[in-house]
Amino acid sequence: MIQKVKKMSDPLADKFRDPNLINEKAIEDNLDLIKDMKPETLLDFGCGKGQQYSKWKHHKDMGIMPTLYDPAVPEFETLPDGPFDGIISTDVLEHIPEEQIPETINMITKRADKFVFLAIATSPAIAILPNGENAHCTRKPISWWTEMYEKYSYKRVYTHIKTYGDFNGYSILNEDLYMEYFLNNLKLDKKTS
């Protein structure tokens, strides 16, 4: 799968990685979840060249510098084993061909312990791949993404899925795991008080 993603990677992609073009609400939702879950380890799955950290310093708002992974960027092409408290993936899954979504969801959930946040664009990309196809090759509504996630997850993980563009939606999966996490932290807070 990784070789296919590398071949499909658009050399102009950096021109379209401007944070002003990424759904601001998705970034806000991502930050809210990270601050709520207080991860000690975090993976940005599909980080691009990492300019959101090196140039725009998003990690300062998040309170944690994530481990970076992107199969199309040599510097970040090695997928870490994990586990990670959280995994974030913004504007990534729509670039992956539909037949590779099950494997990708499995890879993500295998490495996540506490939470996953997926922000998925559902409108056509500005970028066109060298083969003439739109860079957003998998544009589906939230119900489709939720079904794929539930069907192909390696394990149950508290998850937020946000779609934006032609199909706007927000789904929270496995909320019972959040309640378990919340209650455990409440008990820890009481013990330390």
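Can you go through 4, 35, 57 and tell me which one is more than 23 Å from residue 133 (Cα to Cα), open to solvent by 70 Å² or more (accessible area, probe 1.4 Å) and either touching a strand residue (DSSP E or B) at 6+ places or on another chain (Cβ under 7 Å) or modelled with pLDDT under 80 (or both)? That would be 57, the only listed residue that is more than 23 Å from residue 133 (Cα to Cα), open to solvent by 70 Å² or more (accessible area, probe 1.4 Å) and either touching a strand residue (DSSP E or B) at 6+ places or on another chain (Cβ under 7 Å) or modelled with pLDDT under 80 (or both). Can residue 110 be described as open to solvent by 10 Å² or more (accessible area, probe 1.4 Å) and either modelled with pLDDT of 95 or more or hydroxyl-bearing (Ser, Thr, Tyr) (or both)? Taking the combined requirement at face value, the residue satisfies it.
The residues on offer are 163, 138, and the sole one that is of a type outside the set (Gly, Ala, Ser), open to solvent by less than 20 Å² (accessible area, probe 1.4 Å), assigned to a strand (DSSP E or B) and touching a strand residue (DSSP E or B) at 6+ places or on another chain (Cβ under 9 Å) is 163.
Please specify each residue of the stretch 87-143 satisfying the condition of being basic (Lys, Arg) and under 17 Å from residue 71 (Cβ atoms).
Across the stretch 87-143, the qualifying residues are 110, 111.
Can we say residue 146 is within 26 Å of residue 31 (Cβ to Cβ), open to solvent by less than 40 Å² (accessible area, probe 1.4 Å) and in contact with an Asp or Glu (Cβ under 6 Å, 6 or more places away or on another chain)?
Details: within 26 Å of residue 31 (Cβ to Cβ): yes; open to solvent by less than 40 Å² (accessible area, probe 1.4 Å): yes; in contact with an Asp or Glu (Cβ under 6 Å, 6 or more places away or on another chain): no.
Judged against the criteria, residue 146 is not a match.
The values are calculated or read from the model by the stated rules, or taken from the named source; none is laboratory data. None of the values given here were measured: they were computed from a predicted structure. For neighbour counting, all protein chains shown are included, and Cβ atoms are generated from backbone atoms with ideal geometry for every residue, glycine included. Calculation scope for accessible area: heavy atoms of the full protein, side chains included, ligands and nucleic acids excluded. Shrake-Rupley method; radii C 1.70, N 1.55, O 1.52, S 1.80 Å.
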